[in-house]
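Worksheet: the structure to be examined is printed underneath.
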Amino acid sequence: MKVAKGLFYTKDHEWVKVEGDEAFIGISDYAQHHLGDIVYVELPDVDDEFEKGEDFAAVESVKAASDVFMPVGGKVVAINEELMDDPALLNQDAFENWLIKVELADKSEVEELMNDEDYEKFLAEEE
Amino acid sequence: MHPYIANTPEDIQEMLKAIGLENVDQLFDDIPKDIKLSRELDLPKSKSELEVSSYLKKLADKNCSISELTSFLGAGAYDHYIPSIVNHVISRSEFYTSYTPYQPEISQGTLQYIFEFQTLIANLTGMDLANASLYDGGTAVVEAALMAAAYSKKDEIIISKSVKPDARKILHTYAHVQDLKVIEVDVKDGVTDMEALDGLVNDNTAAVIVQSPNFFGIIEDLEAIGKVAHKGKKTTFIASVDPISLGILKKPGDMDVDVVVGEGQSLGIPVSFGGPYLGFMAVKKDYVRKIPGRIVGQTEDLDGKRSFVLTLTAREQHIRREKATSNICSNQGLNSLAATVYMVTMGKEGLREVALQSTKKAHYAYEQLTKSGKFKPMFDKPFFKEFALTSDIAPEKINEALRKENIIGGYDLGKEYPQFENGILYAVTEKRTKDEIDKLTSVMEGI
């Protein structure tokens, strides 16, 4: 399973890529692999605000449907509309295809997340 | 031994022995003694089948139906003509005895007619898609409201008081347990009070619900209401419509309505003392992932042949039920088939003819009844096939006099709208003749 370097991860298999005061949020390769063929992605609206831990999206595959939770709090500034038309992009590359871009509410929340090395260790324990 | 219970006393003893009991009463030991009836029921001696069936027939004959009476009663259930082909088709045992399929793809015939029903409803309402039907017009209004709340993640539902009262009552019942706030908008001159509505719509508004033709038969200005409704962020504009009226009225889909629901009883289903009826729901594409109930789609099988499947069901209904906006997994199968056969039989021209004749006859009745001034119109607004009149005479008195002449009078508006005491709502369908309308007028003039 691929783990992208330089990103931050949650135990629910979301990732965060920080760029200044903003961040991209997506689901990890591990998540897409376990979900199987993804057929639908439900995304929030731009300007929606979420707290850390709140569910902000849902990903549906041929065998499951699961909520995606905010790794950090923030206000949605962009959503990846390509996923609405072609949800399978998440199966092709879960790191390239982000779900939403947020304006971080509190940058220090990122520090509570796992870095790529921690996440790799976490995955090894999960397996 | 009872003629219809096959177990002999010996059988019963054997069964009791097998479960370790002495007598049948012990099966009910869990029920506290003080609430148990400790004597025989006070019923007459048993009767023969012949006696029972003639007794029941006598009771049944006390009911009077629209087959022997002339009805001017509507208020949500209408006496439209049902072509005989409807009953012939739906009485086929393949359709008549089958429940909504739980292993759907094996029932291609059922899926095909549901697909056709959806297509007809979507075309009639001018919307992108329709579901496989809902229980009735009232629950369809509620399902639409719940969908709007889930779609917008908001909790205020605004509904006009010109929506039929039973639909509003069902909405209040559901809203109570779903923690939704229902706000009713007053009626002004027989239509939704636009100024009041304007003051109520805000960013917490999940849905604005109106009915057109409304409960008083009057055509609401859907375009204007839509503009007000859409001032709210992600607010869903829901219109409940009479499908027959769409034979001549503009399609809701062309008037910025997001969700169209309605009572489908008019489409080939008998009034049957109040049910079972047929709810329908059609939506814009944006709601395809949120629409409750079943949706049948057309596809191709392995051999490339046209076939039908259940599709796009919100996963919530099956595997994330706590997140579901609706747990409706069924549909009103037989009645949706009746509606399908009706619509296909009537066609575009036929439906237009039914609508035109109904509205023309309703307007003739309105003119005749208001001529002498004894009965006055309650509202001065364009109406479809129903209109409200008022007078100094109590509605019960009028309806009693009509009943003596084998006429079912109108609906007493004072029952649900205290401000409209003495108001009566009359419905006139294409089935009414000039003679029947003239008789109604002469009886009412004579009271």
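Would you point out which residue out of B:Ala167, B:Ala145, B:Ala122, B:Ala132 is surrounded by 17 or more Cβ atoms within 10 Å (Cβ to Cβ) and at pLDDT below 95?
Just a single option satisfies the conditions, and that option is B:Ala132.
Return yes or no: is B:Thr311 within 14 Å of another protein chain (Cβ to nearest Cβ), of a type in the set (S, T, N, Q) and either within 30 Å of A:Asp67 (Cβ to Cβ) or in contact with a strand residue (DSSP E or B) (Cβ under 6 Å, 6 or more places away or on another chain) (or both)?
yes
Just one of B:Leu267, B:Leu278, B:Leu246 is touching a residue at least 12 places away in the same chain (Cβ under 8 Å), more than 14 Å from chain A (Cβ to nearest Cβ) and surrounded by fewer than 24 Cβ atoms within 10 Å (Cβ to Cβ); which is it?
The conditions single out B:Leu246.
From the residues in the stretch A:103-127 that are among the aliphatic types (A, V, I, L, M) and within 14 Å of the chain's Cα centre (by Cα), which one is surrounded by the fewest Cβ atoms within 10 Å (Cβ to Cβ)?
Filtering first and then ranking leaves A:Val110.
Between B:Ser133, B:Ser84, which is among the polar types (S, T, N, Q) and on the phi > 0 side of the Ramachandran plot?
B:Ser133
Which of the residues belonging to the stretch B:181-205 are within 22 Å of the chain's Cα centre (by Cα), within 13 Å of B:Ala224 (Cβ to Cβ) and of a type outside the set (A, V, I, L, M)?
B:Thr192 - this is the single residue of the stretch B:181-205 that is within 22 Å of the chain's Cα centre (by Cα), within 13 Å of B:Ala224 (Cβ to Cβ) and of a type outside the set (A, V, I, L, M).
Assuming B:Thr390 fulfils every condition listed in (1) over 30 Å from B:Pro83 (Cα atoms); (2) more than 25 Å from the chain's Cα centre (by Cα); (3) surrounded by fewer than 16 Cβ atoms within 10 Å (Cβ to Cβ) apart from one, which condition is it?
(3)
Test of understanding: among A:Ala78, A:Ala57, which residue is modelled with pLDDT of 95 or more and either closer than 27 Å to B:Lys285 by Cα or within 13 Å of chain B (Cβ to nearest Cβ) (or both)?
A:Ala78
List the helices (runs of 4 or more DSSP H) that sit entirely inside the stretch B:74-146 and contain at least 1 residues that are touching a Lys or Arg at 6+ places or on another chain (Cβ under 7 Å).
Output list reads B:108-125.
Could you pull out every one of the strands (runs of 3 or more DSSP E) wholly within the stretch B:206-311 that has 3 or more residues that are over 30 Å from B:Gly423 (Cα atoms)?
B:279-283, B:296-300, B:306-310
Take A:Asp85 and tell me if it is within 14 Å of chain B (Cβ to nearest Cβ), closer than 28 Å to B:Glu322 by Cα and free of Cβ contacts under 8 Å to residues at least 12 places away in the same chain.
Criteria met by A:Asp85.
Pairs please, first residue from the stretch B:419-447 and more than 17 Å from B:Ser67 (Cα to Cα), second anywhere and small (Gly, Ala, Ser) and surrounded by 19 or more Cβ atoms within 10 Å (Cβ to Cβ), Cβ atoms under 6 Å, 6+ apart in sequence or on different chains.
Close Cβ pairs satisfying both conditions: B:Gly423/B:Ala388; B:Ile424/B:Gly410; B:Leu425/B:Ala75; B:Leu425/B:Ala388; B:Leu425/B:Gly410; B:Tyr426/B:Gly410.
The values are calculated or read from the model by the stated rules, or taken from the named source; none is laboratory data. The structure presented is a predicted model; accordingly, all values stated were derived computationally and were not measured. No Cβ is skipped: glycine too gets one built from the backbone with ideal geometry, and neighbour counts run over all protein chains shown.
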